[in-house]
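Quick note: the coordinates plus some simple rules give every number you see, no bench work behind them. What you are looking at is a predicted structure, and each value in this text was computed from that prediction instead of being measured. Cβ placement follows ideal geometry from the backbone for every residue including glycine, while neighbour counts extend to all protein chains displayed.
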Amino acid sequence: MLSRVADAVYWMGRYLERSENITRLLLVTEDFSTETQGLAEQVAQSAWKDLLAIFPAAQVAPPVSAFAPMSQGYLVGFFLDPSNPYSVHYSLRKARENARSVREALTVEAFLAINETFRALDGYARRGLTDPPALRDALGSTHKGLFATIGAIEHTFTRDESWLFLKLGESLERTYRTALVLRAKLPALGAAEPRADVALYYTQWRTLLRALGSLENYRRSYGARLEPELVVPFLLFDPHSPRSLRYGTDAVKTYLERIPGEPGPALRLVGRLHAELAYHDGLVAAGGEQAAFLDRVVDVMIQAHDALGTQYFAT
Amino acid sequence: MKWVPDTTAYDETFDRAAAARPHYRPLVATLESFTQAEIDRRERLQKISLVDQGITFTVYGEKDGIERIFPFDFVPRIIPAREWERIEAGLVQRVRALNLFISDVYQDQRCLKDGVIPPELVLSRREYKRELLRVTPPRQIYTHVVGTDIIRNDRGEYLILEDNCRCPSGVSYVLENRNLLHRVFPEFFTRYPVRPIREYPRLLLDTLLWAAPRASENPVAVVLTPGIHNSAYFEHSFLAREMGAFLVQGRDLIVEDSYVYMRTTGGRQRVDVIYRRVDEDFLDPLTFRRDSLLGVPGLVNVYREGNVAIANAPGAGVADDKAVYAYMPALIKYYLGEEALIGQVPTYVGLRKDDFAYMREHLAELVVKTTGDSGGYNMLMGPFAAKKEIEAYLAQMKKAPGSYVAQPLIELSSHPTYVGGRFEPRRIDLRPFILYGETIRVLPGGLTRVALREGSYVVNSSQGGGSKDTWVLAPRGS
């Protein structure tokens with residue numbers, strides 16, 4: 001396929017995944033901060049501040065007024081602000097621009113879904129929503145629109161190279177972002193003492209699972225027990241849950257393997273990481289090695305991204 | 001339901017006595033069976049559908065919201081079978097002559113030597129590409145896709161207004177308009193034998209592949225677009241998708257050893273036919289405009305070697321010049337020995353002294369156009385222009401009389417159009433699309449453009465025009 005088109009669908013996949021990620025994180029964090037801000041304002045604050053570590057170059061405007069709920073500035077900034085490079089608006093706009101620039105390579109259904117979802121989102125931005133319930137409602141609709149788009153892609157695309165590059169972008173973005181979420185949240189969570197406030201402690205762990213779209217999947221494996229010694233390995237090594245690092249790395253590796261032609265450096269990098277995640281000894285899940293390991297996952301994804309560009313997009 | 005027949009122009013739908021013409025009667029009856037509320041509901045449905053599908057064009061020079069939908073009017077324009085037969089024959093004749101003319105201009109230039117058309121009028125044009133003299137395109141076809149604009153005067157006669165031999169656009173709207181009308185007003189179709197148009201992309205692909213230099217293997221055809229910011233980008237991607245062809249930009253192509261390749265994830269792949277939707281001046285910075293970033297360096301050389309077909313061929317623009325137009329009846333006679341089957345608008349050519357003198361004296365009655373521009377830019381509508389405007393325009397004209405042509409104002413025919421909750425007469429034209437492959441084929445119908453502003457004659461999409469679905473009826477008993 002054309003290198004330019006491969007590049008565009010790859011980015012479309014990344015931006016779509018990123019849009020869904022931000023949307024989910026906003027919904028979950030809003031829930032959490034509403035629930036906890038009266039109990040422990042610091043904890044609620046830091047949940048929002050974590051977003052700035054997960055999306056490092058994000059720009060968020062200060063809250064609209066001193067009386068506004070603390071979530072408002074973050075919600076507006078990460079949802080609707082067209083100039084924040086990590087807002088849903090920005091990401092979905094980019095996904096649509098990429099889609100529009102290679103419309104001939106997409107199915108009509110996929111394009112319609114992404115176009116409609118973006119147009120609705122742009123409508124919220126133009127109306128200048130600031131009221132948290134209205135923002136929540138709009139976030140919920142956007143989330144559905146994104147799932148409709150992803151569903152249209154799954155159901156209508158032929159499994160050719162376009163699809164592979166799209167899925168590659170999606171799975172690479174997902175793995176990369178999951179590692180960043182864990183990197184931002186785990187150190188503080190791991191250091192917290194359960195005895196201080198048991199309810200809050202478990203709310204935080206539950207929120208982490210929800211933030212990574214994994215709460216229900218976790219329960220299917222371990223039931224309602226919420227133990228850090230189970231949650232962390234689940235998010236790192238579970239072979240079936242689509243947002244574990246192992247699953248994500250496996251997906252990146254599989255799509256890379258299916259691209260016709262000689263395998264390149266990206267596959268070697270990701271393949272080695274995948275082996276570690278699949279044949280782990282459990283040590284990295286705990287304590288001191290955790291942060292370094294997560295940093296390495298982030299690093300491998302960045303390097304794989306660069307290698308893809310060299311091998312396929314700049315021919 | 002209130003109908004307002006047009007009293008100044010030829011009304012497509014109603015005769016002088018305000019009765020519906022026979023071929024419009026079922027449509028008028030169907031529309032009258034709807035309530036106003038129902039019609040408004042359908043119209044809203046149609047607008048939402050256009051926006052959701054992203055059927056848009058880009059307006060140059062507008063900062064905000066540059067993607068706009070091309071307004072669609074749901075009242076279809078209907079052409080009876082017998083009228084279409086004549087139009088079709090006339091178009092086939094015209095395109096054959098156009099192609100022979102271009103071929104002649106780049107080979108022996110007989111028509112110039114025989115005095116059929118003044119040489120300076122052809123050879124001094126920017127559209128005449130001296131670099132391509134004696135280069136023969138595959139199968140000697142220059143004009144693979146032609147869009148010829150046709151209007152009707154106040155007597156209802158069809159007249160050719162201009163030919164587009166470079167990259168005529170609009171065909172995607174023809175196809176999408178039909179889809180849209182199917183969905184929004186399926187009732188319209190129950191009482192008419194409307195000729196289908198869906199096979200256009202297949203015919204276009206056939207036309208392109210017919211020109212492929214290596215016919216034996218599996219030739220590769222691509223659509224070359226300037227990119228997403230071009231006003232017709234929607235159409236480029238639409239046609240590529242419908243044909244199953246690659247949509248490429250200049251930077252996707254590369255020339256090596258007299259062949260054109262595209263850059264793919266698996267390396268380089270040879271290209272045989274380029275359906276270029278890039279202006280020819282931007283095709284190849286080594287031959288034409290050096291500052292072009294849209295083109296492919298060396299492409300024209302490959303074309304010269306006969307290793308790639310370009311549709312339409314570079315240099316074909318020499319034939320759709322507004323001054324050459326004035327000589328078309330003579331050229332048809334010269335090449336084919338036939339009288340032109342469709343008439344055209346009397347045209348004064350600034351290059352001819354007598355004509356220019358007439359133009360100066362009668363500017364207030366004339367429509368004046370420059371020979372290079374298209375899209376309704378830089379023209380003077382004498383009858384509607386203020387005196388100052390006319391004077392300023394005349395001052396411009398005097399600097400280069402040869403680049404102006406003038407025509408009397410034709411009262412374009414009008415057609416009921418749904419505007420602001422009412423059916424009102426609006427001016428229309430017609431752009432049929434003609435494909436020159438193994439044979440010359442005309443897509444039944446074409447793009448009917450409508451001037452949505454009351455009293456306006458300007459139908460271009462960039463100037464506030466919209467479009468209609470265009471029906472050609474199948475002959476009775478077929």
Which of B:Leu447, A:Leu208, A:Leu39 has the fewest Cβ neighbours within 10 Å, and the rest in rising order = A:Leu39, A:Leu208, B:Leu447
ask   = Of B:Lys369/B:Lys399; B:Lys113/B:Lys369; B:Lys333/B:Lys353, which pairs sit farther than 18 Å apart, going by alpha carbon to alpha carbon?
value = B:Lys113/B:Lys369; B:Lys333/B:Lys353
ask   = Any idea how far apart B:Leu159 and A:Tyr222 come out in nm if each label point goes 7 Å out from Cα toward Cβ?
value = 8.4 nm
ask   = What residues of the stretch B:439-460 lie in the reach of a label at B:Thr7, counting those whose backbone N is under 20 Å from a point 7 Å from the Cα along Cα→Cβ?
value = B:454-457
remark   = The residues A:Arg93, A:Arg177, sorted from fewest to most surrounding Cβ atoms within 10 Å, come out as A:Arg93, A:Arg177
request  = Assuming R0 = 41 Å, can you tell me the calculated FRET efficiency for the pair A:Gln45 and B:Asn179, based on Cβ-Cβ distance, to the nearest 0.05?
outcome  = 0.20
remark   = For A:Leu269, the net charge from surrounding residues (Cβ-Cβ under 11 Å; K, R +1; D, E -1) works out to +2
request  = Pop out the ³J(HN,Hα) list for the stretch B:257-263 in order, Karplus 6.51 cos²θ - 1.76 cosθ + 1.60 with θ = phi - 60°, rounded to Hz; leave Gly and Pro as x.
outcome  = 6, 6, 10, 9, 10, 10, 7
note = Once phi for every residue in the stretch A:87-103 is put through the Karplus expression 6.51 cos²θ - 1.76 cosθ + 1.60 (θ = phi - 60°), the whole-Hz ³J(HN,Hα) values, with Gly and Pro written as x, are 8, 4, 4, 4, 5, 6, 4, 5, 4, 5, 4, 5, 4, 5, 6, 10, 3
ask   = Considering only DSSP beta bridges whose two residues both sit in chain B, what percent are antiparallel, to the nearest 5?
value = 75 percent
task = Would you mind getting me the FRET efficiency between B:His362 and B:Glu32? Use the beta-carbon distance for r and R0 = 41 Å, nearest 0.05.
result = 0.40
query = So what are the ³J(HN,Hα) numbers for the stretch A:255-266, from phi and the Karplus equation (6.51, -1.76, 1.60; θ = phi - 60°), rounded to whole Hz, Gly and Pro as x?
reply = 5, 4, 5, 7, 5, x, x, 5, x, x, x, 4
request  = Would you list, by chain and number, the lysines whose Cα falls below 17 Å from the Cα of B:Lys47, excluding same-chain residues fewer than 8 positions away?
outcome  = B:Lys468
message = Skipping prolines and chain starts, which residues have an amide H placed within reach, meaning under 5 Å, of the one on B:Leu224, given they are 5 or more residues away or on another chain?
response = B:Val248, B:Tyr275, B:Arg276, B:Arg277
ask   = Counting only residues 5 or more places away or on other chains, whose amide H sits under 5 Å from the amide H of B:Glu162 once H atoms are built in the peptide plane?
value = B:Asp149
query = In terms of modelled amide H atoms, which long-range or inter-chain residues lie less than 5 Å from the amide H of B:Ser467?
reply = B:Phe72, B:Asp73, B:Val450
note = Taking R0 as 41 Å and r as the Cβ-Cβ distance between B:Arg25 and A:Glu97, the FRET efficiency 1/(1 + (r/R0)^6), rounded to the nearest 0.05, comes to 0.30
remark   = Rounded to one decimal in nm, the spacing of the 7 Å Cα→Cβ label points at B:Arg130 and A:Thr254 is 6.4 nm
ask   = Percent antiparallel among DSSP beta bridges with both residues in the protein assembly as shown, to the nearest 5?
value = 75 percent
message = Rounded to whole Å, give me the distance from the Cα center of the stretch B:224-262 to that of the stretch B:76-145.
response = 25 Å
inquiry  = What distance in nm lies between label points placed 7 Å from Cα along the C-beta direction at B:Lys388 and B:Lys47?
reply    = 3.6 nm
ask   = Among B:Met328, B:Met381, which comes first, second and so on when ranked by fewest other beta-carbon atoms within 10 Å?
value = B:Met381, B:Met328
